[in-house]
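What follows is a single structure, written as structure tokens, with notes after it.
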Amino acid sequence: MNQYDLNAFHSEFDPAIMVESFRQDSSLQNKAKQFALLKTAYFLVFSRGDGQVSALNNSKKETLLAAFTCREELEKWTFDRQEVIELPFEALRQMVANSSKVDGIVINPFGKALSLRRSHLADMESTLRAAVPRTGLQLTATLDYPIGLPMAVQELMRNHPEVYRVWLMAARAPDEHTDHKLLIVDFDGEKEPLFPLLAKAVRLYMRQGETFEMAKADLKLLRIAEAAARPIYEKQPSMKPEE
């Protein structure tokens, strides 16, 4: 990662903001909203090569992968330094899930740290499953996004033939006073690795502090989306040669 990219990087996720948000509102909807932001976030890590990320051992003899939200937090690292790379949270979560030697993730370990152990990661997943779809969520069409966003999504989807359509909707829960963005994706297969790639493309067009969610389209969401808006991406049928 070059110095320009390193200086410019700033994760859209702030652990201190999440902790304060939970203190003010411990509802399932708010937890799901904050967890969804975390799942689509990217972080800086020290890479030891071969897909390995530098980790720290705490006083409880736990091994936690170290992730950083910005260069200022990264510079607090006092140990040997390796290559700095950018990784999605989902990649870090998968590393924990796939290794019996890793106990969790710590974000900004030398600042206002947030430690996420296996139990926390499992709770996050169960909370998101319980909150989707959210009862009473109102979905409406929106053009409140930069012109370049549909083009960015279309460019990404050219390499993903499993995706049929993508909608960008304005969503609002009964307890919310403002809309947030919801991407509804009609595709075959699992969310990974598609959703982290889509989140990275979309987040470049989000305003500071603005959040968005992503959902795989089920029959109910498809009917709502089709009735409310045109997709920002639609797969074109393949042309068959004339006989």
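The values are calculated or read from the model by the stated rules, or taken from the named source; none is laboratory data. Predicted model, so just to flag it, every value in this text is computed and none were measured. No Cβ is skipped: glycine too gets one built from the backbone with ideal geometry, and neighbour counts run over all protein chains shown.
Quick look at the numbers
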| quantity | calculated |
| --- | --- |
| Count - residues of region 83-124 that are exposed (fewer than 12 other Cβ atoms within 10 Å of the Cβ) and closer than 26 Å to N2 by Cβ | 1 |
| Members of region 155-186 that are surrounded by 14 or more Cβ atoms within 10 Å (Cβ to Cβ), in contact with a strand residue (DSSP E or B) (Cβ under 6 Å, 6 or more places away or on another chain) and not in a strand (DSSP E or B) | M157, D179 |
| Selected residue (criterion: farthest from M1 (Cα to Cα)) from residues of region 28-49 that are small (G, A, S) and within 11 Å of the chain's Cα centre (by Cα) | A36 |
| Hits in region 55-82 - residues which are surrounded by 17 or more Cβ atoms within 10 Å (Cβ to Cβ) and among the hydroxyl-bearing types (S, T, Y) | T69 |
| Criterion (over 24 Å from F195 (Cα atoms), in contact (Cβ under 8 Å) with a residue 12 or more places away in the chain and hydrophobic (A, V, I, L, M, F, W, C)) met by exactly one of A55, A36 | A55 |
| Residues located in region 1-57, provided they are of a type in the set (D, E, K, R) and more than 21 Å from A91 (Cβ to Cβ) | E20, R23, D25, K31, K33 |
| Cβ pairs under 7 Å, 6+ apart, first in region 188-216 and touching a residue at least 12 places away in the same chain (Cβ under 8 Å) and among the polar types (S, T, N, Q), second part of a strand (DSSP E or B) and surrounded by fewer than 19 Cβ atoms within 10 Å (Cβ to Cβ) | T211/H180 |
| Flag for T127 being of a type in the set (V, I, T), part of a loop (DSSP other than H, G, I, E, B) and surrounded by fewer than 19 Cβ atoms within 10 Å (Cβ to Cβ) | no |
| Residues located in region 50-76, provided they are in contact with a strand residue (DSSP E or B) (Cβ under 6 Å, 6 or more places away or on another chain) and over 23 Å from M1 (Cα atoms) | N57, T63 |
| Verdict on N98 being among the polar types (S, T, N, Q), modelled with pLDDT of 95 or more and out of contact with any His (no Cβ under 6 Å at 6 or more places or on another chain) | no |
